[in-house]
Amino acid sequence: MQLEKLEQAIKNALQNSGQVFSEMLGLEVKIVSPRLDLLDLMEVLGWAGGPETVGLGLYQAVTGNISGHLLLFFEEGQGLKLADFLLMQPTGTTQELGDMEKSALAELSNVTGSFFMNALADMTGLEIIPSTPAVVYEMLGAIFSDIVVD
């Protein structure tokens, strides 16, 4: 029963942050059939392509009445395209993440992550505090290693 309530709260929070993501990008972003599964770390890594999968990670720590981690992960190349889109540049302009690209991506993470956590806090009555976002372009295994160490 608690898992079902948590799943519904997360679905609502995802819809909320998806709407904000859509508004920021000026495109329709659909959150399709979100579900809550309890997985061990290796299953998550496998589901996301494996520990050697390189991509863009937008990360925020969660503190307050609960603690945890929020990670948006985009496959290699997709993160660079997203940076181009956010900076209104032609696709393929960004070849590596500079300060401007990281700033735009961090703001995207900050806004969507905060909306997600605020919606979850409103539904649960918990105090949920997001950290300043981190932007990393790295192998998924390395990103997860840092999260696990924390």
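The values are calculated or read from the model by the stated rules, or taken from the named source; none is laboratory data. The shown structure was predicted, so the numbers you read here are calculated from the model rather than taken from an experiment. Backbone-built Cβ (ideal geometry, glycine too); neighbour counts: all protein chains shown. For accessibility, only protein heavy atoms count, side chains too; no ligands or nucleic acids. Shrake-Rupley method; radii C 1.70, N 1.55, O 1.52, S 1.80 Å.
Annotations
- Leading residue by the ranking (nearest to the chain's Cα centre (by Cα)) among those in region 1-34 that are closer than 15 Å to LEU120 by Cα and among the charged types (D, E, K, R): LYS11
- Qualifying positions in region 92-131 - closer than 15 Å to GLY64 by Cβ and either under 19 Å from the mean Cα position of the chain (by Cα) or open to solvent by less than 40 Å² (accessible area, probe 1.4 Å) (or both): GLY113, SER114, PHE116, MET117, ASN118, ALA119, LEU120, ALA121, ILE128, ILE129, PRO130, SER131
- Residues of region 63-77 that turn out to be within 12 Å of the chain's Cα centre (by Cα) and in contact (Cβ under 8 Å) with a residue 24 or more places away in the chain, as a count: 5
- In region 1-53, the residue that is least open to solvent (accessible area, probe 1.4 Å) out of those that are in contact (Cβ under 8 Å) with a residue 12 or more places away in the chain and on the phi > 0 side of the Ramachandran plot is GLY50.
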